[in-house]
Amino acid sequence: MRAGRHGADIMEAVPHAVIEGMIIGAYCMGARRGFVYIRAEYPLAVRRLRTALRQARERGFLGRDILGSSFDFEVEVMEGAGAFVCGEETALMASIEGNRGMPRSRPPFPAQSGLWGKPTNINNVKTWASVPLIIGQGGDWFAGIGTEKSKGTAIFALTGKVANSGLVEVPMGTTLEEIVFGIGGGIPGGKRIKAVQTGGPSGGCLPARLLNLPVDYETLAQAGSIMGSGGMVVVDEDTCIVDLAKYFLSFTEKESCGKCVPCRLGTHQMRGILERITRGEGKLEDIDELLALGETIKAAALCALGGTAPNPVITTIRYFREEYEEHIKKHHCRAAVCAGLVKAPCSHTCPAGIDVPRYVRLASVGKFAESLAVIREKVPFPAVLGRVCFHPCESKCRRGQVEQAVSIMGLKRAAATYGGESWRAKTRVSPPTGRQVATIGSGPAGLTAAYHLAKRGHLVTIFEAAPEPGGMMRLGIPAFRLPRDVLDQEIAEIEALGAEIRTNSRIDSLQDLLRGGYDAVFVATGAHQGMKMGVEGEDSPGVIDCVSFLRRVNLGEELAVGDTVVVVGGGNAAIDASRTALRLGARRAKIVYRRTRQEMPAADEEIDAAVAEGVELEYLVSPVRVTTKDGRLSLVLLRNELGSVDATGRRRSEPMPGTEFPIACDTLIVAIGQQPESTARLGLAKGRGGTIQVDADTLRAAGGAVFAGGDVVTGPASVIEAIAAGRQAAISIDKYLGGDGDIDERLAPLEDLLDLPPLEEGERHRPEMPSLAEGVLAGFREIELGYGADAAAYEARRCLRCDLETE
Amino acid sequence: MSTINLTIDGRAIEARQGMTVLEAALAAGIYIPNLCADPDLRPFGACRLCIVEVEGIRGLPASCTVPAGDGMVVRTDSPLLETTRRTLVSLLLADHADDCLACAKNNRCSLQTAAAYVGVRERRFPKATRVLPVDDSNPFFTYDMNKCILCGKCVRVCDEVQGVGAISFVNRGYDTKIGTLMDRPIISSLCESCGQCEAKCPVGAITAKNYQQPSRKVKTVCSYCGVGCGLLLHVRGSKVIAAEGDRESPVNRGSLCVKGRFGYEYVNHRDRLTRPLIRRDGVLQEASWDEALELVATKLAEHRGKFAALASAKCTNEDNYVLQKFTRGVMATNNVDHCARI
């Protein structure tokens, strides 16, 4: 009998149950000696078991002629040194015999020739402890727990990124979700679940979308994992999957007994490959080599340790291959974990690769001009981003683990506000190349591409269908978040470089452009078409999709929305629409969302701001139909409950029948998503949801001279992602036109790191963002006012300078 | 002993009950690559090169640990077995110092044979960068862990055959190596320097010092003691350069002790007597065999009845019998004794 962690817990709690089970088993089998093999690291279990054994002997339950039955049985405790492999039964026996814990081949099986060559039966602590219960309550009772093939209960050591960790006992067949969310209380810190590793270090890693899997032997095996030692590690979005696989494999590599070649050397080579991938030295072939090695180890290893050791690698490749490829191809670790790739989590997470630590550090000493220059090295919209970026950088900021993340966005705004114009002096503009590029769309993607292409000496024309440039920055984002003069000024910088913007110019044929003298075209038309709910009455007057609503308001139309406005959706657009509605005179604005605030895609601070302005939120409701009566709309909703987790790691909403209720409104805004308008006229390969298909690395669409990027390729995303696409398009197009694609520049000198003020290590909170105090809802004045220069410098000194970490 | 019938690669094979599949195959002239199997040692199953496919058995069992069974159907060669073996050999080669041409085991190395058989043609895994210490402390042989494949033959022969247990596997995982108690030099361990480990080592990890390949081998019996171990003396020109235990000798079945294996140098020693010497005028002088025997016979005759014989346990029983018979019958005395009379 063997005891790992949960076995130790059983022995600490009910040692007599274990002893009783062993006595019954021994009586049935005719065994005279029993052993409990337990790691010496569990002294409490050892002590309690020894006490229980002494008590059992005193009562005559152990020893000679037990209770006059002429049956003799004695139990000894063997303390092991904690080798993982000693959980393997033949290694366990070798260890009890006093030999090195190394497995041997079977046959002979322990039942034929076990300890010292004697027939031996080996079972887990939990199994033995179950015997008295089964004898007492009957086999049918036990078989009634669990599934058809996996009977009884499973015990898991639930740990990792989960609110309640500890030992969990559930009937076989319970879903992972019930364990992680029901018992474990879900993921703390508003993070998303990414995967669950079951079965300990040699188990498999199952993605969030498989959380509805019932936990039993067969199902786990099918999914590539095992029940194993009963470990269950929950990981969230901040865990790098390659790093995770490396971690588990390092463990099995070290715990391999060293006997057989595949386990001893195969795990070593696999770990080496994973090390290289996490250092950015991986090759794409490495993934196939990992799989090939993994299969060889599984097939050829002597015991189950080797036979399962590759599981974490094989399953993470099976379910998270793209993360491996990102590490290899882009040297990108989306969790910002791999030290060899990640200089600082913030800059690594920034889609445009802005050197965040550097500009923050410059801001911390009040050098806003240099700080702005650093931002400008990568993006042409510091002031815009300083106000509306969804700042993924802050979600990975290490300071966030102390109190709050550094306000990286707020510092960008400060740099843009106080940085002046000295950055422009160092801007590099190449001599004219005589090449012409057409950019379709003047959103962040198109304008960024135009900015960089113009600096590379190409003649750029930007065609914009709308009457004003800026794309979603103008048509989507309300002025109270992004004042128009701020946007206009940054667009003017791009025009100043010679890029010409033609508004009200819709392009219907790429061929016409190419024939008309353009050498390359960048399609960045965005995603401007609102999605429909697909419910009855959706086309009634007074129902409007969010994109159209915001577009019309943002182009200056004075829409009458009536008294009560309801917005369906949970994204930033829904928040913007509700806040806009209040400014248009609505007395009530209410957002209805099918899940809860935790799952809402909208940024937390945006939700807070909306709530502060009086926007109401109704969670866990789904629209069923829209009716109209006497000119008023009525939206019928159905209440939801949270169900299983979907592919994005968020819990699904599941409607509860019979919970319908109506809410009345004058305007109903549908903000459940948007997609690109039909681009069929452009004749490009179509992707999912009306998008254009391009080569992921170069953004080149079929057709040589045509490139595409931004929302029209990815579906609705963010300003910073569109800017990143614009940068990539500029690089690819410059190369296509004969340039070297080098669009980076150094606008600020590298700092003298020896001059840095000391690190602020103590607790230090983020200063509050000053905001408009009065007249918030009267018009579209900007709400957030930005940090003052001193506050910004103070905030910047909260940076922990991850990029300077030397280890 | 009963025989069983099994099929290996489509051929009907007869094997003795109790043989492993590997033994049955090798006996039938079918090579299955193997590194850790040894007819003198218990099955171990570490190198996994001898994996086969057996109908009715899951996975790829190691043929060295699977008992041959009547009616068993075995495949020693399939695409899966080939790629698996090639991977295993590649893994071993990545961690093996490659100086084959300069290695003492060159041309008699099981790893070379296996690599040649499975056809490893290129370096698949990066060469290991670690350098393990070489234990040169024993006067007769050298331990070089940089060439060790951890087949465990040395450990097992020391334990199972010699009953000494001077060496064992130490550490775990990739750091596993062969070592002594507290990892001290081999000379400071329980080691009796019998060299059985060196004889069993299939690669260049344990090699006799100054080993040279012989031009011929001469079958003989060890002259050190009364056990009568069979020897194959390795001879180069007219010089004995090594001794090997004779596996065909029923006395030692290939085993040797330190003297038999490494104590051969006296054969070539310049102090060794090759002609009889007679002391004349206080000085030992060369003599003919006839002169010498004549002198011994004369002296023995002079001492009849005033004589004692001291025999040795290291002589054969036959020699000792003859000595006591001679002493009693010819020398007319019962004064016979023996050094091992405890």
Which three extents, in whole angstrom, do the alpha-carbon atoms of the range A:151-243 cover along their principal axes, largest first? 36, 26, 20
Can you work out the PRE-style zone for residue A:424? Point 7 Å along Cα to Cβ, and I want the residues of the range A:492-533 with backbone N under 12 Å. A:492-498
Mean separation of Cα contacts under 8 Å (at least 6 apart) over the residue count of chain A, i.e. the relative contact order in percent, is 10 percent
The range A:126-199: equivalent-ellipsoid semi-axes (sqrt of 5 x gyration tensor eigenvalues, Cα, Å): 29, 12, 9
Rg ratio (alpha-carbon, reference 2.2 N^0.38 Å) - the range A:153-330: 0.99
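Over all distinct Cα pairs, what is the inverse of the mean 1/r for the range B:213-293, reported as the Kirkwood hydrodynamic radius in Å?
14.4 Å
Assuming R0 = 30 Å, what is the FRET efficiency of residue A:535 and residue A:680, from their Cβ-Cβ distance, to the nearest 0.05?
Plugging the Cβ-Cβ distance into 1/(1 + (r/R0)^6) gives 0.65.
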Simple spin-label estimate for residue B:73 and residue A:504 in nanometres, 7 Å along Cα-Cβ: 8.4 nm
Calculate, for residue B:27 and residue B:273, the FRET efficiency according to 1/(1 + (r/R0)^6) with r their C-beta to C-beta distance and R0 56 Å; round to the nearest 0.05. 0.75
Rh (Kirkwood, all Cα-Cα pairs) for the range A:531-576, Å, reads 11.8 Å
Order the peptides B:54-62, A:714-722, B:317-325 from the highest to the lowest mean number of other Cβ atoms within 10 Å of their residues. A:714-722, B:54-62, B:317-325
Round to the nearest 10 and give me the degree value, 0 to 90, for the angle of helix B:289-302's Cα axis relative to the longest principal axis of chain B. 60 degrees
Please go through the range B:241-296 and write out the trypsin sites (Lys or Arg not before Pro) that DSSP classes as loop and that have at most 15 other C-beta atoms within 10 Å. B:247, B:253, B:270, B:272
Per-residue average of other protein chain Cβ atoms inside 10 Å, peptide A:624-636 -> 0
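Past the 30 Å Cα-Cα mark, which pairs from B:239/B:325; B:127/B:259; B:259/B:299; B:153/B:219? Write out the running numbers ahead of the final one.
Details: B:239/B:325 37 Å; B:127/B:259 39 Å; B:259/B:299 34 Å; B:153/B:219 25 Å.
Table pairs above 30 Å Cα-Cα are B:239/B:325; B:127/B:259; B:259/B:299.
Across the residues of B:122-130, average count of Cβ atoms on other protein chains within 10 Å? Each step should come with its number before you reach the end.
Working: counts 0, 0, 4, 8, 4, 0, 4, 0, 0.
Averaged over the peptide's residues, the number is 2.
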Estimated translational D of chain B in µm²/s (Stokes, Kirkwood radius over Cα pairs; 25 °C; 0.890 mPa s): 103 µm²/s
If packing is taken as the average count of other Cβ atoms within 10 Å, what order do B:119-125, A:437-443, A:123-129 fall into, highest mean first? A:437-443, A:123-129, B:119-125
Compactness index (Cα Rg / 2.2 N^0.38 Å), chain A: 1.14
Any aspartates and glutamates whose Cα falls less than 13 Å from that of residue A:194, other than same-chain ones fewer than 8 residues away, would be A:177, A:236, A:237, A:238, A:323, A:646
Give me the mean projected area, in nm² to one decimal, of the convex hull enclosing the Cα positions of the range A:470-573. 9.5 nm²
Under the definition of partner shielding as Cβ atoms of other protein chains within 10 Å of a residue Cβ, what is the mean value for peptide A:250-262? 6
What's the exposure ranking of A:288, A:755, going from fewest to most Cβ atoms within 10 Å? A:755, A:288
Give the relative contact order (percent, whole number) for the range A:639-778; include only Cα pairs under 8 Å separated by 6+ residues. 11 percent
In nm², what is the average projected area of the convex hull enclosing the Cα atoms of the range A:600-734? 12.0 nm²
Fewest-first sequence of B:174, B:211 by Cβ atoms within 10 Å of each Cβ: B:211, B:174
Cβ-Cβ FRET estimate between residue B:284 and residue B:182, R0 fixed at 30 Å, reported to 0.05: 0.05
Of the DSSP beta bridges with both residues in the protein assembly as shown, give the percent that are antiparallel, rounding to the nearest 5. 60 percent
Any aspartates and glutamates whose Cα falls less than 12 Å from that of residue B:217, other than same-chain ones fewer than 8 residues away, would be B:244, B:246
Taking neighbour counts of Cβ atoms within 10 Å as a proxy for exposure, in what order, fewest first, do B:223, B:2, A:578, A:622 appear? B:2, B:223, A:622, A:578
Simple spin-label model, 7 Å along Cα-to-Cβ: residue A:654 to residue A:497 in nm? 5.2 nm
From DSSP H assignment alone, runs of 4+ in chain B each adding -39500 (n - 2.57), the sum over residues rounded to the nearest 500 puts [θ] at 222 nm at -6000 deg cm²/dmol
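Which links in A:254/B:147; A:126/A:298; A:686/A:735; A:151/A:396; A:329/A:532 stretch past 31 Å when you go from one Cα to the other?
Values: A:254/B:147 21 Å; A:126/A:298 27 Å; A:686/A:735 25 Å; A:151/A:396 43 Å; A:329/A:532 37 Å.
In this structure, A:151/A:396; A:329/A:532 exceed 31 Å between Cα atoms.
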What does the highest-first list of B:232-239, A:378-385 look like by mean Cβ count within 10 Å? A:378-385, B:232-239
Express the C-alpha Rg of the range A:309-357 as a ratio against the empirical globular expectation 2.2 N^0.38 Å, rounded to two decimals. 1.29
√(5λ) per eigenvalue of the Cα gyration tensor, the range B:3-118, largest first, Å: 26, 15, 12
Which of the trypsin sites (Lys or Arg not before Pro) found in the range A:564-601 are in a DSSP loop and have at most 15 neighbouring Cβ atoms, other than their own, within 10 Å? A:587
Mean residue ellipticity at 222 nm from the helices of chain A, using -39,500 (n - 2.57) per DSSP H segment of n ≥ 4 over the full residue count, to the nearest 500 deg cm²/dmol? -10000 deg cm²/dmol
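Read the figures in this text as sums done on the coordinates, not as results from a lab. Just so we're clear, the structure is a prediction, and the values are computed from it rather than from any experiment. A quick note on method: Cβ atoms are made from the backbone with ideal geometry, for glycine too, and the neighbour counts reach across all protein chains shown.
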